[in-house]
Amino acid sequence: MVIEAGFKAAEETGREGIGVDLFFGGGEPDFAGQAKAGRLAELDVFGDAPELFREGGVIPEIFTGERYFSAEKVWVGTCMSQFGICYNPDFIGRLGIAAPSEWRDLGEPAYARSLALADPTKSGSVARTFELLVQGEMQKSLAAGGTAEQGWDEGLRLIQRMGANARYFTDSASKIPHDVGQGNAAAGMCIDFYGRSYAADLITRDGKPRVVWIAPKGGTTLSSDPIAILKGAPNMALAQEFVKFCLTREAQRLWFQKPGTEGGPEDRALHRTPIRRDMYDAETLALTTMPGVNPFEDEGNFTYDRALTGKVFNTLRTLVKVMCIDSHEEMKSAWAAIIEAGMPEDALVVFQDVSQVTYAIAGQGDPGLDSRDSMKQAARMKQLGEWFRANYREAQRMAETKGARP
């Protein structure tokens, strides 16, 4: 990360900062990490506008289990975001299936070779999405009288099925809604403002959207996109004023109003959801690109429980790489054979064997995948990679044997 290198260089040269004022955008984990390292300055807005942060006030400290400002008062969210599903209505129609409404839908065989997914090792936000997907399955299991362990296994198996349906895992998050809109993929994983932007820009001649974005039911939270000031900022006073401006109603309007409306952007809509709770009044919403949206009243979200998956962020992103990306060709071949054979149960059991990464083994962080020793991490990745590849090849053999019987 640039900030890490910058502060290391500053320490070596004795400089106070790295010549940068603001750290703006991205997810809460990045800001929490910089705060823990002591690289963020305290924000004046907490003292100058305390009414924004009172309990039950304009900006909640925690919502859907996500933190919206730091307890140390060194960063604060400016808007919200969530990962969801974007899909092409025409493509879905050609597949002859209903539009997706939850993550589980993307694991259905009908989506084989038509999903677009992102690589979680290239994006912290994507990695968090896979974590939320798994936790969603865990919460569903617990609500149904099952165990967290059963939900964990089902979450990993869902990722396997989605990975098997994927055409690719991209490094570029914006590629997914583009390909969905162009009809090169039926559906994919997509952050809300990308999905809404493409939905607004890609319209058929008869006025229908080529891209539709949804928040999957019971499978996502609303996280904040924060802003912070780096210690040693060369323009500290101006940076403090900018942070304060970002939380005003005037600035918050820019996130989601239509271009040309009073107080809105001049040229392009940003399709973002403001973090201030008081922005979602009827008068303001009528001027926005999403008049029916109020994230604070969305019943489809779940509340993130850090105790369930809070320690598996790095484990899961590496596991997805080993389980789905590095072995993607073997995975797709096996999945195609299983579908062709009519989904034989014994082949599915082998295909979806996650016994090497159960909740007991990896649920608090896999010691090998999370190791700071690169040799130990590589050894664990090699072991799991060979194991998953062997399973996929065996599942394919079993399915082809079933299919060959008269």
Find the centroid of the Cα atoms in the stretch 353-406 and in the stretch 73-150, then give the distance between the two in whole Å. 22 Å
Using only the alpha-carbon atoms, what does the stretch 101-192 span along each of its principal axes? Please give whole angstrom values in decreasing order. 43, 29, 20
Near the amide H of ALA118, under 5 Å away, which other amide H atoms are found, from residues 5 or more places off or on another chain, if H is placed in the peptide plane? THR170, MET189
Any idea how far apart ASP48 and ILE97 come out in nm if each label point goes 7 Å out from Cα toward Cβ? 5.1 nm
The chain - mean residue ellipticity at 222 nm from DSSP helices (-39,500 (n - 2.57) per run, n ≥ 4, rounded to 500): -13000 deg cm²/dmol
Cβ-derived FRET efficiency at R0 51 Å, MET375 paired with MET236, nearest 0.05: 0.75
With the dipole of the chain worked out from charges on the C-beta (+1 for Lys and Arg, -1 for Asp and Glu) around the Cα centre, which of GLY27, SER333, GLY195 lies farthest toward the positive end? SER333
Trypsin sites (Lys or Arg not before Pro) lying in DSSP loop within the stretch 225-326, provided at most 15 other Cβ fall within 10 Å: ARG268, LYS311
Efficiency by 1/(1 + (r/R0)^6): what FRET value for THR261 and THR303, r their Cβ-Cβ distance, R0 = 30 Å, to the nearest 0.05? 0.35
What FRET efficiency would be calculated for the residue pair PHE245, GLN356, taking the C-beta separation as r and a Förster radius of 45 Å, to the nearest 0.05? 0.30
For the stretch 326-377, run through the trypsin sites (Lys or Arg not before Pro) and keep only the ones in DSSP coil with at most 11 other Cβ atoms within 10 Å of their Cβ. ARG372
Which cysteines does the chain leave without a neighbouring Cys Cβ under 4.7 Å? CYS79, CYS246, CYS324
Which pairs, out of LYS36/LYS122; LYS122/LYS321; LYS311/LYS382; LYS217/LYS321; LYS36/LYS73, put more than 20 Å between their alpha-carbon atoms? LYS36/LYS122; LYS311/LYS382; LYS217/LYS321
Label point distance in nm, GLU340-THR401, each placed 7 Å from Cα along Cα→Cβ: 1.7 nm
Normalising by the residue count of the stretch 55-173, find the relative contact order in percent from Cα pairs under 8 Å and 6+ residues apart. 25 percent
Of the GluC sites (Glu not before Pro) in the stretch 41-144, those whose Cβ has at most 11 other Cβ within 10 Å and which sit in DSSP loop: GLU55
Size of the dipole of the chain about the Cα centre, Lys and Arg at +1 and Asp and Glu at -1 on the beta carbon, nothing else charged, in debye to 20? 940 debye
log10 I(q)/I(0) for the stretch 170-313, Debye formula on C-alpha points only (no solvent), q = 0.16 Å⁻¹, two decimals, reads -1.08
Going 7 Å from the Cα of ASP171 in the Cα-to-Cβ direction, what parts of the stretch 97-133 have a backbone nitrogen less than 17 Å from that spot? 117-127
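FYI, it's all coordinate maths here, none of it is from the lab. Predicted, not measured: the structure shown is a model, and the values here were computed from it. All Cβ positions, even for glycine, are placed from backbone atoms using ideal geometry, and neighbour counts span all protein chains on display.
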